[in-house]
Amino acid sequence: MIKINLLPARPRRRFAIALPTLPGLGLLFGALYAIALVLIGGSWFYLNTQSGSLSADIARMETETARHKAAIAEGTRFKKEKEELERRVGLIDVIARNQARPTYLLDALADTVPQDIWLTSLEEKEQVLKIAGSAFSTTAVADFMSNLKNSGKFRDVDLIVSKQDLTKTPRVVTFEVTCRFSI
């Protein structure tokens, strides 16, 4: 189907703003466009250069970090070795100090034992010395205890057990004494 419009054509109204025509307006906008292009290009170049220098700094810092990590690992290893050596030296020092202790103990004990006493056992546990033995009399046991106290090397001398077997001949007194030995 074909439509035909028989009405006369109306002029269309256009709303247009009329700008004043200045003689160098095109040239002005062209210059502004060129300046904007130069500024955008310059900022792009500056940011690209900064990005490159920051990437180089990051790479340099990563290599320094790797180098420092190796140095830190080596320092940590040396520190552990030093602690282990100090621990060993401390143990050797303790052993060297305590090595002569039994000799000093037996020497000091030999000086305090009277003639009519026989020591049957000597035991040291947790710094407490336990001495067991036999004697012909309780006087010898008392002399032994006073000798220990007067030596200056034994302290906290206590008599734990003192028994005399009346069925045996000669009558022997068995005793047990505890004390502390200090060098």
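When shorter helices are ignored and each DSSP H run of at least 4 residues is given -39500 (n - 2.57), the per-residue value for the chain at 222 nm works out to -20000 deg cm²/dmol.
Ratio of alpha-carbon Rg to the 2.2 N^0.38 Å globular estimate for segment 30-99, to two decimals, please.
Details: Rg = 29.7 Å, N = 70, 2.2 N^0.38 = 11.1 Å.
Cα Rg divided by the expected 2.2 N^0.38 Å: 2.69.
Summing charges over neighbours of residue 68, with a neighbour being any other residue whose Cβ is under 13 Å away from its Cβ, gives 0 when K and R count +1 and D and E count -1. Between residue 162 and residue 34, the contour length at 0.36 nm per residue exceeds the Cα-Cα span by 34.2 nm.
Normalised by the number of residues in segment 102-181, what is the relative contact order in percent for Cα pairs under 8 Å and 6+ residues apart?
On the way: 138 pairs, mean separation 25.2, N = 80.
Across segment 102-181, relative contact order equals 31 percent.
The Cα atoms of segment 102-181 cover 37, 23, 19 Å along the three principal axes, with the biggest extent listed first.
Summing charges over all other residues whose Cβ lies under 14 Å from the Cβ of residue 95, with Lys and Arg as +1 and Asp and Glu as -1, gives +3. The packing ranking of peptides 116-129, 140-153, 169-182, 38-51, highest mean first, is 140-153, 169-182, 116-129, 38-51, where packing means the average number of other beta carbon atoms within 10 angstrom of each residue. Taking all C-alpha pairs of segment 1-122, those more than 21 Å from each other amount to 80 percent.
Please work out the FRET efficiency for the pair residue 48 and residue 73, using the Cβ-Cβ distance as r and a Förster radius of 41 Å; give the result to the nearest 0.05. Intermediate values should be presented prior to the final figure.
On the way: r = 38 Å, r/R0 = 0.92.
FRET efficiency, residue 48 to residue 73: 0.60.
Here is the P(r) of segment 136-180: all C-alpha pair distances, binned every 5 Å from 0, give 5, 22, 28, 20, 13, 7, 4, 1 in whole percents.
Could you give the length gained by full extension between residue 106 and residue 121, i.e. 0.36 nm per residue of separation minus their alpha carbon distance, to one decimal place?
On the way: separation 15, 0.36 × 15 = 5.40 nm, distance 1.22 nm.
Between residue 106 and residue 121, full extension yields 4.2 nm more.
No value in this document is a laboratory result; all are computed from the given coordinates. Just so you know, these numbers come straight off a predicted model, no measurement behind them. Every residue, glycine among them, receives a Cβ derived from its backbone with ideal geometry; neighbour counts consider all protein chains shown.
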